[in-house]
């Protein structure tokens, strides 16, 4: 069901309203578009490694396999995609590298793609609005005005997340509450962040709202009794719905699907944020 005259799709309408105390955000694809196009870097890199094994599979077949597991694990820490790559290499009779080495190779390749974007933001030659999901800043301003505590948890390495949040000028909304992947990956996950918030803030059902474009954060927010807003953003065109994301987010349990935050007033009314004092 769509809210009239908006692009807000309500999937499950039975969630509580007016109780929200905490907002949790994913970063890439949910707020930031700096890393738009990352699958175009990761997937070919992995195919190249798999093609060097004794496999008889064509590059086309390998690309299909890689795309499936890369996108299925989107939202988790990057290292998990690299662990899967190592497993795929081993299954094909190859000798895999340490997954951390694969991750560093990917980051080096991705940086070649996005370095200019970050430099343009730092040099004030690009408007940050062009590299965020439309309506991100007004949304964060609205939630801050409603006295919500805002947190950010990303599967991207923390050092990169902090740098890119700063480049977009969004650090003031989150303060010290920015979480990202670390090399000791078993000691960080979005699930851990959410469980910590629920425990330390004694969050009750309906008091947490989560915004994300990946399966993981939506699933964990719902598991914690929160309200899940799935952001099916078209990162390349900055308008419209990404149908693949939408379908995955619904499977994960999203209560609401939005393409971006342009319909801010109706979205806040739907969540009951307008009633929070």
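Computed values, structure above
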| quantity | calculated |
| --- | --- |
| Residue, farthest from the chain's Cα centre (by Cα), within segment 216-242, restricted to residues that are surrounded by fewer than 17 Cβ atoms within 10 Å (Cβ to Cβ) and farther than 14 Å from residue 29 by Cα | 225 |
| Hey, residue 34 under 21 Å from residue 113 (Cβ atoms), touching a residue at least 60 places away in the same chain (Cβ under 8 Å) and crowded, with 20+ Cβ neighbours inside 10 Å or not | yes |
| Boolean, residue 197 is over 17 Å from residue 143 (Cβ atoms), touching a strand residue (DSSP E or B) at 6+ places or on another chain (Cβ under 9 Å) and either without any contact (Cβ under 8 Å) to a residue 40 or more places away in the chain or crowded, with 16+ Cβ neighbours inside 10 Å (or both) | no |
| Sole exception among (1) surrounded by fewer than 17 Cβ atoms within 10 Å (Cβ to Cβ); (2) over 20 Å from residue 23 (Cβ atoms); (3) out of contact with any strand residue (DSSP E or B) (no Cβ under 8 Å at 6 or more places or on another chain) for residue 118, by number | (1) |
| Wholly within segment 157-237, strands (runs of 3 or more DSSP E) carrying at least 2 residues that are within 27 Å of residue 263 (Cα to Cα) | 208-212, 227-231 |
| Condition met for residue 150 (modelled with pLDDT of 95 or more, in the same structural domain as residue 229 (by TED's automatic domain parsing), within 17 Å of the chain's Cα centre (by Cα) and in a strand (DSSP E or B)) | yes |
| Matching residues, segment 57-79, being part of a loop (DSSP other than H, G, I, E, B) and either touching a strand residue (DSSP E or B) at 6+ places or on another chain (Cβ under 8 Å) or modelled with pLDDT under 95 (or both) | 73, 75, 77 |
| Candidates 96, 4, 54 - the one that is farther than 29 Å from residue 131 by Cα and exposed (fewer than 14 other Cβ atoms within 10 Å of the Cβ) | 54 |
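The values are calculated or read from the model by the stated rules, or taken from the named source; none is laboratory data. Because the structure is a prediction, the values reported are computed rather than measured. Reconstructed Cβ throughout: ideal geometry from the backbone, glycine too, with neighbour counts over all protein chains shown.
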